[in-house]
1. Answer rounded, prolate or oblate for the range 1-64, using the Cα gyration tensor with square roots of eigenvalues a ≥ b ≥ c: rounded when a/c is under 1.5, else prolate when a/b is larger than b/c, else oblate.
2. Can you compute the modelled spin-label distance between Ile98 and Arg67, with each label point 7 Å from Cα toward Cβ, in nm?
3. Once R0 is set to 22 Å, what does the formula 1/(1 + (r/R0)^6) return for the Cβ-Cβ distance between Val80 and Phe116, expressed as a FRET efficiency to the nearest 0.05?
4. Add +1 for every Lys or Arg and -1 for every Asp or Glu among the other residues with Cβ under 15 Å from the Cβ of His39, and state the total.
5. Just want the answer: with Cβ charges of +1 for Lys and Arg and -1 for Asp and Glu, which residue in Leu64, Leu103, Pro32 is farthest toward the dipole's positive end in the chain?
6. Taking the Cα centre of the chain as the origin, how large is its charge dipole in debye, to the nearest 20, when only Lys and Arg (+1) and Asp and Glu (-1) carry charge on their Cβ atoms?
7. Report Rg/Rh for the chain, rounded to two decimals, where Rg is the Cα radius of gyration and Rh the Kirkwood radius.
8. Lys and Arg at +1, Asp and Glu at -1: add these up for the other residues within a Cβ distance under 12 Å of Leu103 and post the number.
Amino acid sequence: MNKYAALLRQRDLKATRARVRMLELLDNAAKPMTAQEIHAKIADRKTDLATVYRSLNKFADAGLIARVQLGDAFVRFELVKRHHHHIVCNSCGKIFPIDLCNLAELSDEIARKTGFRNIEHQVVFRGECQDCAQRR
Ligand SMILES: [Zn+2]
Ligand SMILES: [Zn+2]
């Protein structure tokens, strides 16, 4: 069985061809994708944008993919793998993944002070990318 179909079935989600294709796209994407971008890449006339949205929300609720907010009007999605963050260029909008995170200690301190458990965080870094900086 296809590994994406297996991931879906493990979570009691129907493994349609379009859904398998969506997970494959997200797995191979270098950055989080919007529903529109995924829809455009699937290029399957039978799968409309609403269906893509519905599937993405089901995947996210099942913990297969994460919703990523980068401070603009879009919700983006990515496959859940290793913990990481993103940095967005203020000039061109390019998105880069960042593997570094040293917020575990801060989370522990917040847990001690507030009694919260299972603390998560979403941090977006912004700045000017190398390409844009060189263009000046
Ligand atoms: Zn840039
Ligand atoms: Zn982090």
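1. On the way: a/c = 1.44, a/b = 1.33, b/c = 1.08.
In terms of gyration-tensor shape, rounded.
2. Here the modelled spin labels are 2.3 nm apart.
3. Details: r = 21 Å, r/R0 = 0.98.
The formula returns an efficiency of 0.55 here.
4. Cβ neighbours under 15 Å give a net charge of +4.
5. Result: Leu64.
6. Details: 24 positive and 16 negative charges, 109 e Å.
Using only the charged Cβ atoms, the result is roughly 520 debye.
7. Values: Rg = 17.3 Å, Rh = 16.8 Å.
Rg/Rh: 1.03.
8. Spelling it out: positives minus negatives among the neighbours equals -4.
Read-outs throughout are calculated quantities, based only on the coordinates presented, and are distinct from any laboratory measurement. In this text, all values refer to a predicted model and were calculated from it rather than measured experimentally. Note that we place each Cβ from the backbone using ideal geometry, even for glycine, and neighbour counts take in every protein chain shown.
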